[in-house]
Amino acid sequence: MDLAFSEEQDQLRAVAREFLADAYPIDDVSRIADSAAGWDPAGWKAIAELGWLDAELGPLEHAVLLEEAAAALLPAPLFSSLALALPGIDEEETLRADVAVGRRRLTFAWMEDGRSQDLRAAGQASTATLNGRGRISGCKVLVPDAAIVDGFLVTARTPDDEIALCLVDVGDGVSVRSVPTIDSTRRLGTVQFDASPAQQLVAGSEATSRLDRMAQHALVGAACEAAGVAQRALDIAVGHARVREQFGRPIGSYQAISHRIADVYVQLQLARSLATWAAWNLAESSVDPQVMDAAMATAAAKSYATEAAVAACESAIQVLGGIGFTWDHPLHRYYKRAQWLDAFGGNGPRQRAIIAAALLD
């Protein structure tokens with residue numbers, strides 16, 4: 001098993017990093033994130049032209065793009081596209097082609113008020129209903145990028161009480177309300193469906209299988225984003241420790257600082273390795289559905305990487321001291337993204353319970 005990225009994937013990373021550094025410097029990201037719109041449509045067009053949404057890209061290429069995008073805090077629906085929506089429409093060729101060229105922007109709406117946020121329970125937790133006339137009713141909460149997409153993949157119950165995955169376009173009977181969140185670079189929303197026209201994509205066991213696949217892609221995507229956040233937090237801490245002086249010496253020369261930074265580096269390497277392992281398992285499971293490590297790899301990567309991102313940001317705040325708490329410094333934005341990733345789709349204890357059950361039950 002070779003977990004090294006290929007030459008083409010390394011080139012993709014280099015191009016993505018260069019594009020993001022040029023198009024989304026952190027000052028511009030902060031301005032966009034705090035604007036009324038919260039994103040840049042022109043930038044999304046450029047992303048589509050770069051081929052980041054192409055069907056030819058797989059989980060490993062998505063891992064590269066999501067890590068680099070998170071390191072730049074890209075204020076665009078890339079996570080909603082690559083990690084949430086695309087795994088649910090692989091079989092929908094026309095829809096997939098529209099997304100690839102930027103004509104459609106989709107996200108996944110599965111969470112409901114008072115129900116489990118665990119992505120693996122997306123089907124069972126749904127109380128939204130799809131009637132016999134193809135109309136869906138219900139309310140979904142904490143929907144990523146709800147206000148900047150033009151369509152939703154929605155879980156609902158059919159008249160036969162089967163779980164269904166549906167496509168609902170923004171329009172008749174659909175109302176979106178943005179909700180305050182800590183991470184303004186990834187806004188969430190509440191979406192109300194009131195007898196909204198819906199296209200049923202799959203139902204029953206086929207829907208359950210597709211939702212399981214979507215959950216794994218989403219959790220791996222979160223792990224990859226967490227690695228990008230942790231890397232940027234480490235870079236900020238190292239950069240500050242090199243130039244900030246106390247008693248005539250850079251603070252990085254003191255063990256209290258250097259050991260903390262070294263711990264973050266070690267945690268980052270393990271987080272990135274686990275995220276890559278999980279992405280590799282996803283890529284292999286698309287060829288061989290019997291790959292046994294896929295579920296455990298996903299849970300391990302999500303659990304460790306997102307907690308490591310939170311810890312990396314907290315350590316960076318400690319290294320920077322007072323400036324790390326200020327609004328003007330971007331570190332608080334990375335910390336907020338890390339906290340969202342940690343909570344998304346089931347936190348660390350939930351993921352570790354899945355690993356324990358797989359090993360012990």
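Any read-out appearing in this document is the output of simple, stated calculations on the displayed coordinates, not a laboratory observation. This one's a predicted model, so the numbers in the text were calculated from it and none came from an experiment. Every residue, glycine among them, receives a Cβ derived from its backbone with ideal geometry; neighbour counts consider all protein chains shown.
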Amide H contacts under 5 Å for residue 201, restricted to residues at least 5 apart in sequence or on another chain and with H modeled in the peptide plane, are 165, 166, 167
Can you tell me the length gained on complete extension of the stretch residue 150 to residue 56, counting 0.36 nm per residue apart and subtracting the Cα distance?
31.5 nm
Each residue of segment 297-312 in turn: what ³J(HN,Hα) in whole Hz from Karplus with 6.51, -1.76, 1.60 and θ = phi - 60°, glycine and Pro shown as x?
4, 4, 5, 5, 5, 4, 4, 6, 5, 5, 5, 5, 5, 4, 5, 5
Ignoring GluC sites (Glu not before Pro) buried by more than 11 other Cβ within 10 Å or outside DSSP loops, the longest site-free run in the chain is 92-361
As an exercise, use a Förster radius of 25 Å and the Cβ-Cβ distance of residue 209 and residue 101 to find the FRET efficiency, rounded to the nearest 0.05.
0.35
Charge dipole (debye, nearest 20) of segment 1-57; +1 at Cβ of Lys and Arg, -1 at Cβ of Asp and Glu:
240 debye
Between residue 269 and residue 170, what FRET efficiency comes out of the Förster formula 1/(1 + (r/R0)^6) with R0 = 56 Å and r the beta carbon distance, rounded to 0.05?
0.85
Putting +1 on Lys and Arg Cβ atoms and -1 on Asp and Glu Cβ atoms, find which of 241, 285, 309 reaches farthest to the positive end of the dipole of segment 230-323.
241
Alpha-carbon spread of segment 207-360, three principal axes, descending order, Å
61, 27, 27
Once both axes come from the Cα atoms, what is the angle between helix 205-243 and the longest principal axis of the chain, in degrees from 0 to 90, rounded to 10?
20 degrees
With only Lys, Arg, Asp and Glu charged, each at its Cβ (+1 for the first two, -1 for the last two), find how big the charge dipole of the chain is about the Cα centre; round to the nearest 20 debye.
1160 debye
Round to the nearest 10 and give me the degree value, 0 to 90, for the angle of helix 255-285's Cα axis relative to the longest principal axis of the chain.
30 degrees
For segment 127-184, just say rounded, prolate or oblate: build the C-alpha gyration tensor, square-root its eigenvalues into a ≥ b ≥ c, call rounded for a/c under 1.5, and beyond that prolate if a/b exceeds b/c, oblate if not.
prolate
Please report, in Å, the Rg and the Dmax of the chain, where both are computed over Cα atoms only.
20.4, 75
Of the residues 66, 100, 53, the Cα lying farthest along the dipole of segment 7-100 towards its positive end, which is defined by charges on the beta carbon of Lys, Arg, Asp and Glu, belongs to 66
Lys, Arg +1 and Asp, Glu -1 on Cβ, resulting dipole of segment 136-242 about Cα centre, debye, nearest 20
540 debye
Expected output is a single nm value to one decimal: the length gained when fully extending between residue 36 and residue 92, i.e. 0.36 nm times separation in residues minus the C-alpha distance. What is it?
16.9 nm
Based on other C-beta atoms within 10 Å, arrange 240, 62, 332 from fewest to most.
332, 240, 62
Reference-scaled alpha-carbon Rg (2.2 N^0.38 Å with N residues) for segment 106-203:
0.99
Once you sort the root eigenvalues of the Cα gyration tensor of segment 7-100 as a ≥ b ≥ c, which label holds: rounded (a/c under 1.5), prolate (a/b larger than b/c) or oblate (the other case)?
oblate
With labels modelled as points extended 7 Å from the Cα through the Cβ direction, what inter-label distance (nm, one decimal) is found for residue 247 paired with residue 49?
5.5 nm
How high is the FRET efficiency from residue 293 to residue 131, r the C-beta distance, R0 41 Å, rounded to 0.05?
0.50
Could you work out how far helix 348-360 tilts from the main Cα principal axis of the chain, as a 0 to 90 degree angle to the nearest 10?
70 degrees
Loop-exposed chymotrypsin sites (Phe, Trp or Tyr not before Pro) per DSSP, neighbour cap 10 Cβ within 10 angstrom, longest uninterrupted part of the chain:
1-246
Mean separation of Cα contacts under 8 Å (at least 6 apart) over the residue count of the chain, i.e. the relative contact order in percent, is 16 percent
How far, in nm, would the chain grow between residue 23 and residue 10 when pulled straight, counting 0.36 nm per residue and subtracting the alpha carbon separation?
2.7 nm
